[in-house]
């Protein structure tokens, strides 16, 4: 049975609660299929992800950007600081790595042939399509999100921030900072390796944007030194995120949207 037929059955039966959807892991389902191309199927996909949530989700209208170059340990920090808050992760790398494994493509990109590079580019496009579909669905329900990226393009992050704020989101950025030698050493050890010159350029591009991020996010910027971060330091950062999530939303667009959605529910 295709994924679309499965989703139709779940939607029609109305048996899937938010907790059940979390147990089945929408992220895992999304990694295993291509983003639907048919308009009707795409709409169903979006409805599935937002099923039973939306206005009743406790962390709606919260967005956390992640920034850090190759080898900074963003995934490690994200797992220990941003997981467990009910936020949805938007990160094409997870799907990209899974599709590469499925296609038996090497994770080591340091000495790739032209044929391998072409195959990898196709897999990357597929991963981005799935991630884009998931992001659209999450934002449709105004769900809390974590947007994982390198941060090498401050202008792009600024544009995304403005778009999210126009929807009503409160935006934050967590900058994972490491020394260049640490980043290069980690890149060499991890399964998905990039050429050293690529990792170095990525690190330099991200570092030069710290000042721009400080100006852009102001008090909503959190810098985490991950050269040798202890569990206590990461636990403290997790608690800081929890405190942020407990604070009232600041964006008036969000409060107006919530009021309107609650009124709609009363009329049903």
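The table below lists the values:
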| item | result |
| --- | --- |
| Residue 92 vs. criteria modelled with pLDDT under 80, under 16 Å from the mean Cα position of the chain (by Cα) and under 30 Å from residue 219 (Cβ atoms) | yes |
| Some residue of region 123-134 being touching a residue at least 12 places away in the same chain (Cβ under 8 Å), surrounded by fewer than 17 Cβ atoms within 10 Å (Cβ to Cβ), farther than 30 Å from residue 260 by Cβ and within 13 Å of the chain's Cα centre (by Cα) | yes |
| Enumeration of residues in region 37-71 that are surrounded by 21 or more Cβ atoms within 10 Å (Cβ to Cβ) and at pLDDT 65 or above | 60, 61, 62, 63, 64, 65, 66, 67, 68, 69, 70, 71 |
| Of the criteria (1) in contact with a strand residue (DSSP E or B) (Cβ under 8 Å, 6 or more places away or on another chain); (2) farther than 17 Å from residue 70 by Cα, which one residue 166 fails | (1) |
| Among the residues listed as 244, 249, 262, the single one being touching a residue at least 12 places away in the same chain (Cβ under 8 Å), touching a strand residue (DSSP E or B) at 6+ places or on another chain (Cβ under 8 Å), in a helix (DSSP H, G or I) and more than 16 Å from residue 75 (Cα to Cα) | 244 |
| Selection status of residue 74, within 22 Å of residue 217 (Cα to Cα) and modelled with pLDDT of 75 or more | yes |
| Residue tally, condition out of contact with any helix residue (DSSP H, G or I) (no Cβ under 8 Å at 6 or more places or on another chain) and not in a helix (DSSP H, G or I), over region 79-115 | 7 |
| All strands (runs of 3 or more DSSP E) inside region 137-238 with 3 or more residues being in contact (Cβ under 8 Å) with a residue 60 or more places away in the chain and crowded, with 19+ Cβ neighbours inside 10 Å | 145-148, 170-177 |
| Failed item in (1) assigned to a helix (DSSP H, G or I); (2) under 30 Å from residue 61 (Cβ atoms); (3) modelled with pLDDT of 80 or more, with residue 118 passing the rest | (2) |
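The values are calculated or read from the model by the stated rules, or taken from the named source; none is laboratory data. None of these values were measured; they are calculated from a predicted model. Using ideal geometry, Cβ is built from the backbone for each residue, glycine included, and neighbour counts are taken over all protein chains shown.
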